[in-house]
Each structure stands twice: as C-alpha cells, then as structure tokens.
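What follows is a set of notes on a single structure, which appears directly below.
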Amino acid sequence: MADRFQELLEELRQGVTEYDEERVKVAAQAVLDEGFDAYDAVMNGLAAGMEEVGRLFGANEYFVPEVLMCADALYGGLEILRPHIEVDPSRQVKGAVVIGTVEGDVHDIGKNLVKLMFEIAGFTVHDLGRDVPLEKFVEEVLSTDSDFLCMSAMMTTTMGGMKQVIDQVRQKNPNVKIMVGGAPLTGDLAQRWGADGYGKDAPNALQEALRMVGSLREMHQEAAKGG
Amino acid sequence: MATATKTARERVMALFARERQTPVPVFSGMGNVTVYGLEDAGIGFAQVHGDAEAMARAAASSYERFGYEAVVVPFDLGVEAEAMGRTLNTYASSDGILYPTVQNKLPATADNFQVPADLELRGRIPLVAQAIRLVKERLGEQVAVGSYVLGPFTLAGQVLELDQLLKLAGKDQTQMHVILERAGEVAAREAEAYRAAGADFVTVREMGAASDILSPRMFRNLIQPHLKEVFAQVGGPTVLHICGSTQNIVEMMADCGATAVSVDQKNDLAASRATLGPEKLLFGNLDPYKVLVQGTPEQVREAVRNCVAAGADAVWPGCDIWPTVPAENMQAMMDASREQA
Ligand code: B12
C-alpha cells in the first residue's frame, strides 16, 4: 500500500519535472481512485517536483519555457486533486498575496515565476499582471485583506514606484508584509525603502515569505489576544 | 591627425567595412535620446514617439551636443506591434520617462500572427521612415544614421502573449516556426523600409532570446535559423544585439549573418573576443544604467577603457541610453575613447 503511494508520488514528481501533463493527470487520478490522501500528493508529489524544477532553473539546466511547461503539468494535477483536499485547520492556507509588476514596466517573466512558487505553496494569489498603476496595489491589498504584497520591477526607472506604494500601504495597514524583487533591486535598497523582504530569485522569494508567515501568525495571535 | 578629418559617418561606415578605427568609435544602434535632446526638440518623452520632426531633432541631439557617432530612431519597442494592429500606452499624462508598452496582446497562435500586405504603410513605420529621412537630409553627410527592428522572437512576444509564446516554444516547434518565419518577414521588410528611407545601418534586437530566458539549445534550434533568414534579406551593414546573458550563445550570434554582434554588460567581452577570434566585429558593452547614469565621469572613462581593452571594435552601451544620463557622463564617454587613442 505504502509502496504504491510512493510510486504515485514519484510519478507526480517526475511528471512535473519532465513537463508531462498527461502523466501527472493519470497519477493524480490514481491517487484519488485508490483512496490516497490528496493533500499529501500535492505537497510531496507535485510541489516536490516543482521544487526540483526550481533547482534546475537555478542551475541553468532549465530555462523559462521549461519552467512554465512544468507549471502547466503541475496545474493539471492540482485541478484534479484540489477539490479533494480536506480542510484541516493545521493545513490551513498560508495566506493571501497580491503580486504585480509596477507601472511603466512590462517585464513580467520573473514575476510570473514568483507567482507560481506562491501558488504551489498553497497561497491564494491575486495577480494584478504587469504595468500595474501604483494605486491599484494599495487598493487591492486593502480590499482583499492580503497578508503579502509582492512587487516586481526590472527597470531602474520604474522601481521607484515601489517606494511610494510601500509608504501608502504602511499608512493604511502596517501589518502587511511587503516583498520586492527584480534584477535592478538589492536587499539593501529593499530595506531602505521599508520593505520586509527581498528575493533574488523565485525559490528564494518563497523561502523569505515562508519565514515571514511565522511572524505573521504570531502577529495575528497577539492581535486576537489583545482584542 | 588623419582621424580629425574623418567624419563620424566615415569612421562608422569604414568600421562596418571591417577597417578598425582609432580612436574606437562610440555609438550604438539602439535608442540614444537624452533629456537634453527632448529639451532641444521641445517635446516630452511620451509625445516624441508620435512626431517625426521631434523624433529626428531629439535623436540628432546626442550627436550635436556630445559628438555621439550615430543618430538613431525610434526610441521604443512598440513599432512592430502597432503595425500589427496592437495599441500602445505611451503614458501621455506622465511627465517622467516611461517607455511605451503594448496593451492588448493576442493569444499565442500562428493564426493570430498574420503579416499585413501593406505592412510598410501601417502604424508608425512611415513615421520612423520619415524621421530617418529628416535626419539624413540634415546630417547625413556627417554622421551615421541608424534604426532598429525587433528580432523574430522578441517581435512575436510584443504581439502575442509572451508566457504562452514561451510555452509554445517548448511544446509546439512546428507552430513556433510558422510564427517566427512570419515575424522574420515583418522584421526584414521593416528594416528594408528604413534602409530605403536612408538608414546607413540597421540593428536587430533579439533581447527576448537571451539565455536568461531561453536555453542555448533552443537558441540554436528555434531562434538562430530565423535570425539567419532576416539577415539574409536585409542589405547594408547590420548588427545583431542581444542584451542579457549571452556568453553561451555569442558564437551562434556571430554566425547569423549580421555585419557585427553586440552584447551587454553581462557578457565577458574579453572571453567573447577570444571565442570569436580577431576578425569578427564585436561591439559592447557599457552598462547603460549603473555606469552611464549612476557612475561618476571617472567611472565612465574607466568603463570605456575596459571595453576597448577587452577587444570592442566599437563602444556600445548594453541597451538604450537611458534618457536621464548626466551630460558630463555622455561627455566622459566620448572623451575617454579619444584620450585613449
Ligand atoms: C526580456 C526583456 C524584455 C522583454 C520583456 C518581455 C516580458 N513580458 O517580460 C521586452 C522586449 C518587452 C523588453 C522591453 C524593454 N526593455 Co527589457 N529586458 C529583457 C531582458 C533581456 C530579460 C528580463 C527577464 O525576463 N529575465 C528573466 C527573469 C526570469 O529574471 P528576472 O526578471 O530578474 O526575475 C527573477 C528575479 O529578479 C526575481 N524576482 C523578480 N520579480 C520579483 C518580485 C519579488 C517580490 C521577488 C521577491 C523576486 C522577484 O525572481 C525572478 C525569477 O527567478 C532584460 C535583460 C536582463 N537580462 O535582465 C532587459 C532589460 C530589463 N530591459 C531593459 C530596457 C531598457 C527595456 C526597454 C525600455 C527598451 C525600450 N527601448 O523600450 C523596454 C521596456 C518596456 C517597458 N515599458 O517596460 C533594461 C533595463 C535597464 C534598467 N536598469 O533600467 C534591461 C536590464 C536590459 C539592459 N541590458 O539594460 N525587455
């Protein structure tokens, strides 16, 4: 029994890393038909495969088309498994994220990779796309009551917009965790602008976020206690 | 001094004929408008893209003020997309420098990419051609006039949704080749229209195919054949420019049929020179932002010297000159090459 599940997990992982959507779908369906746990299959099959994809991308073995195709394979499996994940408080969604590329900037390849990482990790992602008016970030963070705001910029001239958004969001909801990224940014700059986090690549961005989730939880608990 | 009597145009054209120049020419085939040029033309950045006269004057300014050795129009990457029926946002209400962006890309299928029969008459292609004519009329004897078009992959990515196009590149090579062949036709015909208007050289910009995005293997199978087609169809001196990571594809770039190859600051120019050998024309690779905009004049000088020492046949910035470049840095860039000679 356990062996069979391991086999299916391996199928899911390989289907993702080898961007074979059909193979992933078949394995995902088998997980359900044979009565295995859907959540386990998502985390240790699909997401584990994608983690490997992240590594291959970092090592310049995979490039953007491969990563996007792997993501499609993953989504194929996710669609089948997701409706069967039991909502258990200990497995609760990690939080909601608003993400976008700032106004005047169409470079969204990197942003899409970061978005992907968040989705796979179980965050609810509100993607505002590219060339996003600065006010839109502020509005969306407030209206969706998101825990994270992620902004991307690839041009030195457009990245300045991030600082404005950070200032405005801070005024309205100081608890939102803000992350910034994109080639011209540095951790130093992110800090100076008052962002909570910076990520040099997509896997790194997710790690940062997960680190912050911890402190977010504590914050919510504090708030609940304080009433 | 023999060089003093040569015009900028003579120097650049001689270089394209493979006669190395001393001092090493400083120019580029990408946008080189500055805020001073916009001031000279009395126009805002958002408006300059739609006005041939202002475009010509703003572009000429980098030569007139600093001695930059080429005048290049246009300044944005949306000309092809517009000619293919897409709309651009030029951020008309913003007074900062925001580059135009394509608003309504189409789903990435070959059916959605059809070359209009009257391509040369569409969008701003006639306007850019007119700007070339104006510059040519006024300064054509003194300075090289350049223009640029997008490479097939980058061009397709401005018309079709890029993430879908990237997936198609991995999944359906047959359809991808159809799209790239059509995009190559657009690039070649547009380039020929600019040459007919008087452009001395045309640069093909294929930034979407850098190794930050596509694997070198995909570059070989998918990108290179179509670049070859384009260069086979365009007469006169041509340059292939790719910004981003190019170390692993520079040899293939040099084998596409362009007169010269240009790379950006991510490339180790000395290593590329070693790979390509002494004959190939190799341009590069001044960092247009960290050095030209943010550096001190002394840092600019040093960077120019490094380009030359690494084996650049012409000092080219890695991308468009960023309009807010300080005047003293433009000057330092021009002086450095002359001082070194
Ligand atoms: C592809 C490309 C384009 C494509 C963009 C297509 C698209 N839809 O994205 C096109 C052709 C449209 C384009 C247009 C232009 N471009 Co361009 N482009 C590039 C290029 C070659 C690659 C960028 C890329 O996608 N990299 C690959 C991805 C995977 O990496 P990434 O974006 O860095 O993302 C990773 C990390 O940064 C991080 N990350 C990203 N976002 C975030 C967000 C968060 C929250 C976190 C934590 C992390 C994170 O994770 C990502 C994944 O690992 C770069 C050169 C380069 N190599 O950087 C120039 C470059 C970005 N472009 C440049 C320029 C100047 C332009 C134009 C102005 C040219 C013009 N004359 O019009 C226009 C701009 C139009 C506009 N208004 O935006 C310059 C910017 C200079 C500067 N410093 O300001 C660059 C650097 C080229 C250069 N050598 O100078 N470009």
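Residues that are more than 12 Å from the ligand (Cβ to nearest atom) and either touching a Ser or Thr at 6+ places or on another chain (Cβ under 8 Å) or touching a residue at least 24 places away in the same chain (Cβ under 8 Å) (or both) are absent from the stretch A:109-119. Is it fair to say residue B:44 is in contact with a helix residue (DSSP H, G or I) (Cβ under 6 Å, 6 or more places away or on another chain), surrounded by fewer than 24 Cβ atoms within 10 Å (Cβ to Cβ) and among the small types (Gly, Ala, Ser)? Against the criterion (in contact with a helix residue (DSSP H, G or I) (Cβ under 6 Å, 6 or more places away or on another chain), surrounded by fewer than 24 Cβ atoms within 10 Å (Cβ to Cβ) and among the small types (Gly, Ala, Ser)), residue B:44 does not qualify. Against the condition within 13 Å of the ligand (Cβ to nearest atom), in contact (Cβ under 8 Å) with a residue 24 or more places away in the chain and within 14 Å of chain A (Cβ to nearest Cβ), how does residue B:165 come out, does it pass? Criteria met by residue B:165. With respect to residue B:106, determine if the residue is surrounded by fewer than 17 Cβ atoms within 10 Å (Cβ to Cβ) and either out of contact with any His (no Cβ under 6 Å at 6 or more places or on another chain) or among the small types (Gly, Ala, Ser) (or both). It is true that residue B:106 is surrounded by fewer than 17 Cβ atoms within 10 Å (Cβ to Cβ) and either out of contact with any His (no Cβ under 6 Å at 6 or more places or on another chain) or among the small types (Gly, Ala, Ser) (or both).
Return the pairs, sorted by first residue and then second, in which the second residue is in a strand (DSSP E or B) and among the β-branched types (Val, Ile, Thr), the first residue lies in the stretch A:184-202 and is in the same structural domain as residue A:157 (by TED's automatic domain parsing) and near the ligand (Cβ under 9 Å from one of its atoms), the beta carbons are less than 9 Å apart, and the residues are 6+ apart or on different chains. Qualifying pairs under 9 Å: A:190/A:178; A:190/A:180; A:195/A:178; A:195/A:180; A:197/A:178; A:197/A:180; A:198/A:180; A:199/A:180. The set of residues from the stretch B:243-292 being basic (Lys, Arg) and either near the ligand (Cβ under 10 Å from one of its atoms) or closer than 19 Å to residue B:31 by Cα (or both) comprises B:266, B:290.
Going by the structure shown, is residue B:56 more than 30 Å from residue B:309 (Cα to Cα) and either without any contact (Cβ under 8 Å) to a residue 60 or more places away in the chain or β-branched (Val, Ile, Thr) (or both)? Answer is no for this residue. Of everything listed in (1) among the acidic types (Asp, Glu); (2) over 16 Å from the mean Cα position of the chain (by Cα); (3) closer than 20 Å to residue B:172 by Cβ, the single unmet condition for residue A:72 is (2). Applying the condition of being more than 21 Å from residue B:54 (Cα to Cα) and in a helix (DSSP H, G or I) to the stretch B:70-119 and asking which residue is farthest from the other protein chains (Cβ to nearest Cβ) yields B:119.
Any chance you could count how many residues in the stretch A:182-213 are more than 14 Å from chain B (Cβ to nearest Cβ), of a type outside the set (Asp, Glu) and on the phi < 0 side of the Ramachandran plot? Summing the residues that are more than 14 Å from chain B (Cβ to nearest Cβ), of a type outside the set (Asp, Glu) and on the phi < 0 side of the Ramachandran plot in the stretch A:182-213 gives 19.
Taking (1) within 14 Å of the ligand (Cβ to nearest atom); (2) surrounded by fewer than 18 Cβ atoms within 10 Å (Cβ to Cβ); (3) within 20 Å of residue B:28 (Cα to Cα) in turn, residue B:198 satisfies each apart from (1).
Rundown of residues vs (1) within 16 Å of the ligand (Cβ to nearest atom); (2) closer than 20 Å to residue B:164 by Cα, yes/no style:
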{"site": "A:36", "(1), (2)": "no, no"}
{"site": "A:51", "(1), (2)": "yes, no"}
{"site": "A:57", "(1), (2)": "yes, yes"}
{"site": "A:68", "(1), (2)": "yes, yes"}
{"site": "A:72", "(1), (2)": "no, yes"}
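Look at the stretch A:64-75: where a residue is within 7 Å of chain B (Cβ to nearest Cβ) and a partner is assigned to a helix (DSSP H, G or I) and hydrophobic (A, V, I, L, M, F, W, C), sitting 6+ places away or on another chain with Cβ atoms under 6 Å, you get A:64/A:109; A:64/B:166; A:65/B:166; A:65/B:169; A:68/B:166. Here the condition is being within 12 Å of the ligand (Cβ to nearest atom), on the phi < 0 side of the Ramachandran plot and within 14 Å of chain A (Cβ to nearest Cβ); of B:316, B:322, it holds for B:322 alone. Would the stretch A:31-43 turn up any residue that is of a type in the set (A, V, I, L, M, F, W, C), within 14 Å of chain B (Cβ to nearest Cβ), crowded, with 23+ Cβ neighbours inside 10 Å and more than 30 Å from residue A:158 (Cβ to Cβ)? No - not one qualifying residue is present in the stretch A:31-43.
The values are calculated or read from the model by the stated rules, or taken from the named source; none is laboratory data. Here the structure is a predicted model, which is why all the values come from computation and not from measurement. Cβ sites come from the backbone with ideal geometry, for glycine too, and all protein chains shown count toward neighbours.
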